[in-house]
1. Check Asn97, Asn117 and return the single one that is open to solvent by 100 Å² or more (accessible area, probe 1.4 Å), out of contact with any Phe, Trp or Tyr (no Cβ under 7 Å at 6 or more places or on another chain) and at positive phi.
2. Just name the residue that is modelled with the lowest pLDDT out of those in the range 3-59 that are more than 29 Å from Ile124 (Cα to Cα), aliphatic (A, V, I, L, M) and open to solvent by less than 100 Å² (accessible area, probe 1.4 Å).
3. Filter the range 92-139 for residues that are touching a residue at least 24 places away in the same chain (Cβ under 8 Å) and basic (Lys, Arg); which is nearest to Thr38 (Cα to Cα)?
4. Just to be sure before I move on: is Val138 more than 15 Å from Met4 (Cα to Cα) and either in a strand (DSSP E or B) or charged (D, E, K, R) (or both) in the structure I sent?
5. Pick from the range 98-131 the residues that are of a type in the set (S, T, N, Q) and under 20 Å from Pro56 (Cα atoms): which of them is modelled with the lowest pLDDT?
6. In the range 78-91, is there at least one residue being closer than 21 Å to Ser59 by Cβ, free of Cβ contacts under 8 Å to residues at least 40 places away in the same chain, surrounded by fewer than 10 Cβ atoms within 10 Å (Cβ to Cβ) and among the hydroxyl-bearing types (Ser, Thr, Tyr)?
7. Could you list, in sequence order, all residues of the range 71-97 that are modelled with pLDDT of 90 or more and not charged (D, E, K, R)?
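The values are calculated or read from the model by the stated rules, or taken from the named source; none is laboratory data. Source: prediction; values computed, not measured. Cβ placement follows ideal geometry from the backbone for every residue including glycine, while neighbour counts extend to all protein chains displayed. Ligands, DNA and RNA are excluded from the accessible area calculation, which covers all protein heavy atoms including side chains. Shrake-Rupley method; radii C 1.70, N 1.55, O 1.52, S 1.80 Å.
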Amino acid sequence: MKTMRQMLDTMDRLFDDAFMFPTSSRGVSRDNQLQVRTPWDIMENEKEFKMRFDMPGISKEDVKVSVEDGVLVIKGDHKKEEREKDSCSARSYSSYNTRLALPENCEMDQIKAELKNGVLNITIPKSKVEPKIMDVNVE
């Protein structure tokens, strides 16, 4: 299980290390900039975390997002079998199971998830953390 900070650090390392990606004409823009789309992304701002997971072929009914003991759990299963008359059947199966430890400064009861066009977007609002100041008695 990874924390959200570890996921962000992993993304930073991937994009900092140019040797991680093959040099070919695929994924290169007109101005010769390398363009890579990972199957997931995490962004953070002052108010929230936003996450994106590519889940092609999986419908809303096949995805379950939950929080278990401070851990965001994303599960998805897709089974498809096509059978044509007088033909062999075609089967496909895809499964997702991701667990991310959530930071303490999030509103776990206000997490929102939306699956649209094979992309799962999750928004995790941050809680307002007020500095805790305690006076210590000096003897």
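1. Details: Asn97 fails: at positive phi.
Just one listed residue meets the conditions, Asn117.
2. Among those that are more than 29 Å from Ile124 (Cα to Cα), aliphatic (A, V, I, L, M) and open to solvent by less than 100 Å² (accessible area, probe 1.4 Å), it is Ala18.
3. Residue satisfying both the conditions and the ranking: Arg99.
4. The answer is no for Val138.
5. The qualifying residue modelled with the lowest pLDDT is Thr98.
6. Scanning the range 78-91 turns up at least one residue that is closer than 21 Å to Ser59 by Cβ, free of Cβ contacts under 8 Å to residues at least 40 places away in the same chain, surrounded by fewer than 10 Cβ atoms within 10 Å (Cβ to Cβ) and among the hydroxyl-bearing types (Ser, Thr, Tyr).
7. Kept after step one, since they are modelled with pLDDT of 90 or more, are these residues of the range 71-97: 71-75.
Passing the criteria: Val71, Leu72, Val73, Ile74.
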